[in-house]
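The values are calculated or read from the model by the stated rules, or taken from the named source; none is laboratory data. A quick note: this is a predicted structure, and the numbers were derived from the prediction, not measured. Virtual Cβ from ideal backbone geometry, glycine too; neighbours counted across all protein chains shown. Remember, those area values only see protein heavy atoms, side chains included, never the ligands or the DNA or RNA. Shrake-Rupley method; radii C 1.70, N 1.55, O 1.52, S 1.80 Å.
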Protein chains: 4
Amino acid sequence: MASVRTPDPNPGWLSELALEETRSRVPILYVEAVPVRLDPNGVVEKVGVLLRTSSATGEIIRTLVSGRVYHGESVRSALMRNLEKDLGPMAFPALPPSPTPFTVAEYLPMPGVSALHDPRQHAVALVYVVPVTGDCAPRQDALELTWLTPREAQSADLRGELEGGRGLLLTQAMAHVGANLA
Amino acid sequence: MASVRTPDPNPGWLSELALEETRSRVPILYVEAVPVRLDPNGVVEKVGVLLRTSSATGEIIRTLVSGRVYHGESVRSALMRNLEKDLGPMAFPALPPSPTPFTVAEYLPMPGVSALHDPRQHAVALVYVVPVTGDCAPRQDALELTWLTPREAQSADLRGELEGGRGLLLTQAMAHVGANLA
Amino acid sequence: MASVRTPDPNPGWLSELALEETRSRVPILYVEAVPVRLDPNGVVEKVGVLLRTSSATGEIIRTLVSGRVYHGESVRSALMRNLEKDLGPMAFPALPPSPTPFTVAEYLPMPGVSALHDPRQHAVALVYVVPVTGDCAPRQDALELTWLTPREAQSADLRGELEGGRGLLLTQAMAHVGANLA
Amino acid sequence: MASVRTPDPNPGWLSELALEETRSRVPILYVEAVPVRLDPNGVVEKVGVLLRTSSATGEIIRTLVSGRVYHGESVRSALMRNLEKDLGPMAFPALPPSPTPFTVAEYLPMPGVSALHDPRQHAVALVYVVPVTGDCAPRQDALELTWLTPREAQSADLRGELEGGRGLLLTQAMAHVGANLA
């Protein structure tokens, strides 16, 4: 009869109400990842871009691997959890040995104020380039993963399709890895 | 009679109650800075360490420039605001052109779990090395700024005095700038 | 009678013959710098591009601050020497505290093989973003320094005018500092 | 009669005489690597240190993966070639997607002038942390590869045994990956 409370299996998860309130109070910490395929010398051959339903607007949009860091969760664990959520369990992402992101992305809720925009919140994301060697099988709300060459990833059309201005992050990622952007 | 609401001059500020509740829900985003004096070639000559009253425990402790990023505030603005709060208005900090921190510091509320520890919260800090060229006059709760050589900054005694395990951040900062740590 | 040899005041300097021979044997180490003007928060407002006579071809071309690291010279000293050579003695460049470049640029002598090209040699350059606060007065073979907005620095026309493919380095520099490249 | 010259299969290789002359003229470009074993989240569990005969002094010393960048060779190819030379063909090193080293190491021929020292030459090395997943079988002059915990890699004894002051590079590598150095 006594109801023994089991530990919350998902302690970082918040109710919609609590999350909405929290979003009005502090910037929300995210991790994002640009999945890449490398040749044996570490040169980026392909860049992965997700096609999915926007959790903000419900539209079909292109985006990157992205998710919140939960309370009590390490940045590395959050990165791994979100890679698995968006690419499936067989992607075999190779997390970088350094915790330093290649850039910090700041999203503001007001459109037009900054290059990056998230209507739900002020979000700050640590962004990583993550090589994957396995098979990517997007799941949950991700419909498809498209592999593009670095040059294709830089096309103006594609940039415009990326949610919240994330075309900028793709450009920064390609610059960081030294891909030829000409 | 109508009370006209003036815009909140400090929109990121939260009541103690709201802050405490928020701290139980999400990791809180901080910026931290290691102030340095450079020679003309960019070599670090001195490292600044603060002596101040811990806002967590009330004890006198050594620490770095540190503070929360407010809702709606950019990371750069938060860094500048906290440098001015801790070093005074005449320090003339030279913020780096890149928004990428040299490391990401993760503080957990449970002691002993991680190298870095904050009893109040799960905090994630973007940490920067910031050259200052002016006069530093600590204010608010900061009692004193001590300038140390990179070698002095590495002494085991000093490391032990730094709040929350931040001796690790000093070591990482000195490694990042290529200071001789022998 | 005795001819007393005074120490070579310029020990890294090589005769044209010795330099040419050396260039056929090993990659030659360079430093390059992208000069920038920052606002107080560290945001890049302007990017400096040099107009000068190419030492490779004699044509008038656009380029970056660039020069060889001499034998026995530190990377920091080489960077400072070349900044002074190209921007004059009153530019007051702020060398970064970390010796890590934002990218490594590899120039090959054969055109079309790589994004970057130097007909004289195989050169490897450590490339830095360097804030300058003083007055720039190009000297020696540099004719003029033009200050551009990050957006202007990204125009396809300008990119095409940069010597040896260095438009790529400008793009990488702007990505590194988080400039909006849209 | 006509002696047809076949292309040099090893074009970057230089005779001892040519190499010695070149070393007196310009800094020589090297790549170095700190091999690491990672856990699935990218946390460094072990650091590899080589035991080998010093090519400078003939003594048995500890060192890192290290070698010259040949004329015409890319930095990535030089890194891969030297990893294979020192760790064997089955080490499966994962070269990082970015060409930016975590530090630049400068070796001067005069002892005591700088933290890093190479009696043969002025060398400048681009230093990388490289995860390896396969079996390491040192060959050529490398006698053994020892895997150490990050803490063991920081012991004062080990640091003293590393050739040319490379204990500093180990400390910098561990700081870069966020290993607990306490």
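GNM on chain A, alpha-carbon springs under 10 angstrom: the most fluctuating residue among A:Ala153, A:Ala123, A:Ala18 is A:Ala18.
Contact residues in segment B:74-109 by the 50 Å² criterion (accessible area, 1.4 Å probe, full protein complex versus chain alone): B:Arg76, B:Pro97, B:Pro99, B:Thr100, B:Val104, B:Glu106. Label 7 Å along Cα→Cβ of B:Glu16; segment B:49-67 residues with amide nitrogen under 13 Å? It comes to B:56, nothing else. Legend: calculated FRET efficiency, D:Ser54 to C:Arg120, from the Cβ-Cβ distance at R0 = 45 Å, rounded to 0.05, equals 0.80. Taking the chain by itself as reference, segment D:126-162 contains these residues with an accessible-area loss of 30 Å² or more in the full protein complex (1.4 Å probe, heavy atoms): D:Leu126, D:Arg159. Per residue, the accessible area of chain C comes to 42 Å² when a 1.4 Å probe rolls over the protein heavy atoms.
Quick one: of the DSSP bridges fully inside chain D, what percent are antiparallel, nearest 5?
Values: 23 of 34 bridges.
Within chain D, antiparallel bridges account for around 70 percent of the total.
The D:Met90 and B:Asn41 beta-carbon pair, evaluated with R₀ = 51 Å, returns a calculated FRET efficiency of approximately 0.70.
Under the rule of -39500 (n - 2.57) per DSSP H run of 4 or more residues, summed and divided by the residues of the protein assembly as shown, what mean residue ellipticity at 222 nm is obtained, to the nearest 500 deg cm²/dmol? Estimated from H runs of four or more residues: -6000 deg cm²/dmol.
Cα convex hull of segment C:20-176: mean projected area in nm², to one decimal? Don't skip to the answer; put the middle values down first.
Working: hull surface 36.5 nm².
Quarter of the Cα hull surface area: 9.1 nm².
Look at where the Cα atoms of segment D:151-180 and of segment A:42-80 average out, and the two centres are 35 Å apart.
Here is the interface size for B with C: some 1400 Å² of accessible area buried, both sides summed, with a 1.4 Å probe. Close amide-amide hydrogen proximity is noted between B:Val127 and B:Glu32, B:Phe102, B:Thr103, B:Ala105, each under 5 Å apart and 5 or more residues distant or on a separate chain (H modeled in the peptide plane; Pro and chain starts excluded).
Across D:Leu170, D:Leu83, D:Leu14, mean-square fluctuation computed from a Gaussian network of chain D (C-alpha pairs under 10 Å connected) peaks at D:Leu14.
Ignoring ligands, DNA and RNA, what percent of the 1.4 Å accessible area of segment A:78-177 is carbon and sulfur?
Roughly 57 percent, rounded to a whole number.
Across segment C:58-68, computed HN-Hα scalar couplings (Karplus, 6.51 cos²θ - 1.76 cosθ + 1.60, θ = phi - 60°) run x, 6, 7, 9, 9, 7, 10, 5, 7, x, 6 Hz from first to last residue, x flagging Gly and Pro. Structure remark: mean-square fluctuation, Gaussian network model of chain B, C-alpha springs under 10 Å; the largest value among B:Ala125, B:Ala91, B:Ala156 belongs to B:Ala156.
Checking the cross-link pairs A:Lys46/C:Lys46; D:Lys46/D:Lys85; B:Lys46/D:Lys46; B:Lys46/C:Lys46 against a 26 Å limit on the alpha carbon distance flags A:Lys46/C:Lys46; B:Lys46/D:Lys46; B:Lys46/C:Lys46 as lying beyond it. In terms of its C-alpha gyration tensor, the protein assembly as shown comes out rounded, because the ratio a/c of the largest to the smallest axis stays below 1.5.
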